[in-house]
Amino acid sequence: MSKNVILKIENLKTWFPVTGGFPKKVVGYVKAVDGVSFEVYEGETLGIVGESGCGKTTLGRTIVRLYKPTDGKIWFKNEELTHLSDKELLPYRRKIQMVFQDPYASLNPRMTVAEIIGEALDIHKLYKTKEERQERIYQLLETVGLVREHANRFPHEFSGGQRQRIGIARALAVQPELIVLDEPISALDVSIQAQVVNVLIDLQEKYGLTYLFIAHDLSMVRYISDRVIVMYLGNVVEEAPSRELFRKPLHPYTEALLSAVPIPDPKIARQRKRIILQGEVPSPLNPPPGCPFSTRCPYAKDICFKEKPQLKEVGGRKVACHFPLE
Amino acid sequence: MALLEVRNLQTYFYTYAGVVKAVDGVSFSVDRGEVLGIVGESGSGKSVTAMSIMRLVQQPGKTVGGEIIFDGIDLLKLSDREMNSYRGKRIAMVFQDPMTSLNPTLTVGYHMMELLSRDPNLKTKKQKIDRAIELLRAVGISEPEKRLSQYPYQFSGGMRQRVMIALAIALNPDLLIMDEPTTALDVTVQAQIMELVKEIQERYHMAVIFITHDLGVIAGFADRVMVMYAGKKVEEGDVYSMFEKPLHPYTEALLSAVPKLDMDRSQRLYAIPGSPPNMIAPPPGCRFHPRCPYAMRICAKKMPVAVSTDDREVYCWKVFKEMGVVESV
Ligand SMILES: Nc1ncnc2c1ncn2[C@@H]1O[C@H](COP(=O)(O)OP(=O)(O)O)[C@@H](O)[C@H]1O
Ligand SMILES: Nc1ncnc2c1ncn2[C@@H]1O[C@H](COP(=O)(O)OP(=O)(O)O)[C@@H](O)[C@H]1O
Ligand code: SF4
Ligand SMILES: [Mg+2]
Ligand SMILES: [Mg+2]
């Protein structure tokens, strides 16, 4: 794998204002993404894990610029995107695509599959003749394992797995280099998840795509990702190559998260030591001072409640903890 | 004698499009103190099985056949009133979405007091309040006195599910049915709830039917597993032997569709082709045959018969052949 950085995120923050009172005024911010930095290499799959509400979707949507970041920088190759106008952004919108979690909500029910995919081609003017446009649509359908005959049907005529393939075909239509996949298989049945994952892996090999794979299913993330970042309360707490992260987590939150994953093997499931976290995730409106995980961390000491640990390099990996696990 | 014995249960939905045979001739039993896991993908009939046992199936659905023998009595023969006295008291249920059974306009305390009024041992209001507090504490809710006067929306998803468990065990039922109780929760909260459920099951030696689509959750909790596909039981057996060597092609496929701990991308996942059948016109013969890699001619024609071994029951022609019982085919 090449080590060219395709995407670089620096101290990214996306806060949502919370209004209240009369007359209405901003009374606080949901710090959904609160100072995130990482790099993505060309052709790799970077997994992003963490429990619901930790900011994964907001991060993904900020990267494809569905949200405007509150602060921080986003580089795609050598271009810094946060200061670009909508018009200047257009070529980057094409190169960075997103596939959404909910295959039901993300496709317009009144448009046929051909119209949905065609629309993406139209926006970026990716054909010369009508025939070429039609041919592209057929090709795309076949690429994701659907057939030509599907082109004139409506989304409701498809199963969940097929709808997710349509979403993938739409993303592929504009020949992107990077695809943000936001829980692309979470809504699907186990037997269908593998179908979609196999399609994604094949496409990556064929087109040299780079993936940001957002999920809460850790075993699938481990399987598909080269590297993984773990988020907690708007922050990255750990970053590591997939194998290493799962073999030996350094952050106490990662350790607890991994120990909570159900394992489909009764012997292992009943023998392993589990760390049951106490309490729940604090509100991103009011994150704790110090370490975001301090309120639930079994290893927290005084400093953890006062000082926020920075993401630091430890043996080629990164962890944000005052007392990384040995 | 088993605590619960379900025989040839048939629950159908009479829709405009046709009859949906949601549960079509399913039999199984649960012993006292035993945990039976039911797995299968969405639409396979897990919830309808549970609702049928509770006799809570709504129009246009109806249980049209079978017996549900609970502690010697066929629940399907009881009057509505008699059935009401079983619900909550002898058999309780926890749903995936607690809000389906909690009234958002009533406090958690109100829900608990109403249920506890059915406990003949609790005579005074004080006794009931004390018991409610004891129950909330037992399911790991802190400051229970304060929590009683709060409304369901003031609880997080995990806390609400704890309240549901407190309500479910309040009258010491013999059988607890849990329908995907942790599916909507995050993994660390799921782990907390599963820990609690295990502890309660052991402490009260309760029989549990645990429904989920997550093979991992089943592996960690069930004694026995029943796998459903398209309204039918396809395999049932001891949890250890089933995960070690699944016999039915569908069970095998489900287990190879999820990545193993030591697997990486260079090893492909097994993707079950096609999608689950249309339940109004399910495939003839074995309902799995259009997706089955081992399907033979007979599979499309005849419903597989049961093949039973010491610890397993499988409905599959391939297994039937392998076991060497060929003469009748
Ligand atoms: N549009 C929005 N307005 C206000 N708050 C939001 C919005 N989107 C997300 N949030 C909040 O930001 C936090 C992170 O949400 P999200 O990015 O969806 O997390 P995840 O995808 O990891 O579940 C949550 O607390 C969520 O409620
Ligand atoms: N109210 C209803 N009307 C029509 N069909 C229904 C109804 N409820 C359930 N079904 C059908 O019964 C079948 C089994 O559903 P269910 O037991 O909920 O599946 P599971 O719990 O395994 O996901 C499905 O095909 C579903 O469409
Ligand atoms: S009966 Fe036939 S089609 Fe059905 S699972 Fe067995 S081998 Fe496959
Ligand atoms: Mg999300
Ligand atoms: Mg269900």
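The values are calculated or read from the model by the stated rules, or taken from the named source; none is laboratory data. All values reported here derive from a predicted model rather than from experimental measurement. A quick note on method: Cβ atoms are made from the backbone with ideal geometry, for glycine too, and the neighbour counts reach across all protein chains shown.
Would you tally the residues in the stretch A:14-25 being exposed (fewer than 11 other Cβ atoms within 10 Å of the Cβ) and assigned to a strand (DSSP E or B)?
Count: 3.
From the residues in the stretch A:216-242 that are in contact with a strand residue (DSSP E or B) (Cβ under 7 Å, 6 or more places away or on another chain) and assigned to a helix (DSSP H, G or I), which one is farthest from B:R265 (Cα to Cα)?
Among residues in the stretch A:216-242 that are in contact with a strand residue (DSSP E or B) (Cβ under 7 Å, 6 or more places away or on another chain) and assigned to a helix (DSSP H, G or I), the one farthest from B:R265 (Cα to Cα) is A:L218.
Out of (1) within 16 Å of ligand 1 (Cβ to nearest atom); (2) of a type in the set (S, T, N, Q); (3) farther than 30 Å from A:V27 by Cα; (4) modelled with pLDDT under 95, what's the single condition that is false for A:T254?
For A:T254, the exception is condition (4).
Count, please, the residues in the stretch A:46-58 that happen to be near ligand 4 (Cβ under 9 Å from one of its atoms) and closer than 19 Å to A:S106 by Cβ.
Residues that pass the stated criteria total 4.
Here is a check on your reading of the model: is A:F305 in contact (Cβ under 8 Å) with a residue 24 or more places away in the chain and hydrophobic (A, V, I, L, M, F, W, C)?
no
What residue, among those in the stretch B:219-258 that are of a type in the set (D, E) and under 14 Å from the mean Cα position of the chain (by Cα), is surrounded by the most Cβ atoms within 10 Å (Cβ to Cβ)?
Among them, the one singled out is B:E236.
Quick check on the stretch B:262-275. Is at least one of its residues more than 16 Å from ligand 1 (Cβ to nearest atom), surrounded by 21 or more Cβ atoms within 10 Å (Cβ to Cβ) and within 20 Å of the chain's Cα centre (by Cα)?
The answer is no, given that none of the residues of the stretch B:262-275 is more than 16 Å from ligand 1 (Cβ to nearest atom), surrounded by 21 or more Cβ atoms within 10 Å (Cβ to Cβ) and within 20 Å of the chain's Cα centre (by Cα).
Counting just the residues of the stretch A:262-280 that are facing chain B (nearest Cβ under 8 Å) and in a loop (DSSP other than H, G, I, E, B), which one comes out modelled with the lowest pLDDT?
A:E280
In the set A:I192, A:I201, A:I137, which member is away from chain B (no Cβ under 14 Å) and outside any loop (DSSP other than H, G, I, E, B)?
Answer to the selection: A:I137.
Got at least one residue in the stretch A:51-63 being in contact with a Leu (Cβ under 7 Å, 6 or more places away or on another chain), away from ligand 1 (no atom under 14 Å from the Cβ) and not in a strand (DSSP E or B)?
The answer is no, given that none of the residues of the stretch A:51-63 is in contact with a Leu (Cβ under 7 Å, 6 or more places away or on another chain), away from ligand 1 (no atom under 14 Å from the Cβ) and not in a strand (DSSP E or B).
Would you please name the residue that is farthest from ligand 1 (Cβ to nearest atom), looking only at residues in the stretch B:16-41 that are part of a loop (DSSP other than H, G, I, E, B) and touching a helix residue (DSSP H, G or I) at 6+ places or on another chain (Cβ under 9 Å)?
It comes out as B:G33.
Among the residues of the stretch B:238-255, write down those that are over 23 Å from B:E34 (Cβ atoms) and at the interface with another protein chain (Cβ under 9 Å from one of its Cβ atoms).
Of everything in the stretch B:238-255, those that are over 23 Å from B:E34 (Cβ atoms) and at the interface with another protein chain (Cβ under 9 Å from one of its Cβ atoms) turn out to be B:Y250, B:A253.
So, in the stretch A:1-48, of the ones that are within 14 Å of chain B (Cβ to nearest Cβ) and at pLDDT 95 or above, which residue ends up farthest from ligand 1 (Cβ to nearest atom)?
A:G43
Hey, can you tell me all the residues within the stretch B:243-301 that are closer than 20 Å to A:Q195 by Cα and of a type in the set (F, W, Y)?
Within the stretch B:243-301, B:Y250, B:Y270, B:F288, B:Y294 meet the criteria.
Just wondering, is there one or more residues in the stretch B:269-291 that are out of contact with any Asp or Glu (no Cβ under 8 Å at 6 or more places or on another chain), more than 12 Å from chain A (Cβ to nearest Cβ) and of a type in the set (V, I, T)?
There is at least one residue in the stretch B:269-291 that is out of contact with any Asp or Glu (no Cβ under 8 Å at 6 or more places or on another chain), more than 12 Å from chain A (Cβ to nearest Cβ) and of a type in the set (V, I, T).
Can you tell which of B:P104, B:P181, B:P98 is buried (at least 20 other Cβ atoms within 10 Å of the Cβ) and either touching an Asp or Glu at 6+ places or on another chain (Cβ under 7 Å) or away from chain A (no Cβ under 14 Å) (or both)?
Sole residue among the options that is buried (at least 20 other Cβ atoms within 10 Å of the Cβ) and either touching an Asp or Glu at 6+ places or on another chain (Cβ under 7 Å) or away from chain A (no Cβ under 14 Å) (or both): B:P98.
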